[in-house]
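Input: a single structure, listed below in structure tokens.
The values are calculated or read from the model by the stated rules, or taken from the named source; none is laboratory data. Predicted model only: the values in this text are computed from it and were never measured. All Cβ positions, even for glycine, are placed from backbone atoms using ideal geometry, and neighbour counts span all protein chains on display. Accessible surface areas use protein heavy atoms only, side chains included; no ligands, DNA or RNA. Shrake-Rupley method; radii C 1.70, N 1.55, O 1.52, S 1.80 Å.
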Amino acid sequence: MAVTARAHAPAFEVTFAVIAALLLIAGLLVTLRLVRGPSTLDRAVALDALVAVVMAGIGLQTAVRGNPFYLPVLLVLSFLGFTGSVGVARFMALRDEAGTEDVDEDVDKDEGTGGVERGGEGDDGGREPR
């Protein structure tokens, strides 16, 4: 017995509605995290998740309409999402590196002391103040 496409139409529409509602809720929650933060990394992760939710929404629309017109848009969004995430991670790594001392330099200095910390509270170890 052959099943026609019409027999599945109500189930398909219900599934579409449930998935669209879940994507809308996910988008709202991710947007809330994007606005509230509190850190730059939280916002970067939220932006990456928002791109993923938008991509899922475009994929859902493509599946419902049966039109592959937006598939190149998904490809571009995936590339931009990945590039943006890598760029933010690189920026944060460079920012953290610029705000701290050179780790290798501190290891070389501590090797000569046998692991004992030099100086007391308030002693900068002969370094220039920042």
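Annotations for the structure displayed:
- Taken together, 73, 116 contain a single residue that is among the β-branched types (Val, Ile, Thr), under 27 Å from residue 12 (Cβ atoms) and either modelled with pLDDT under 90 or open to solvent by less than 70 Å² (accessible area, probe 1.4 Å) (or both), which is 73.
- Hits in the stretch 56-70 - residues which are open to solvent by less than 50 Å² (accessible area, probe 1.4 Å) and hydrophobic (A, V, I, L, M, F, W, C): 56, 58, 60
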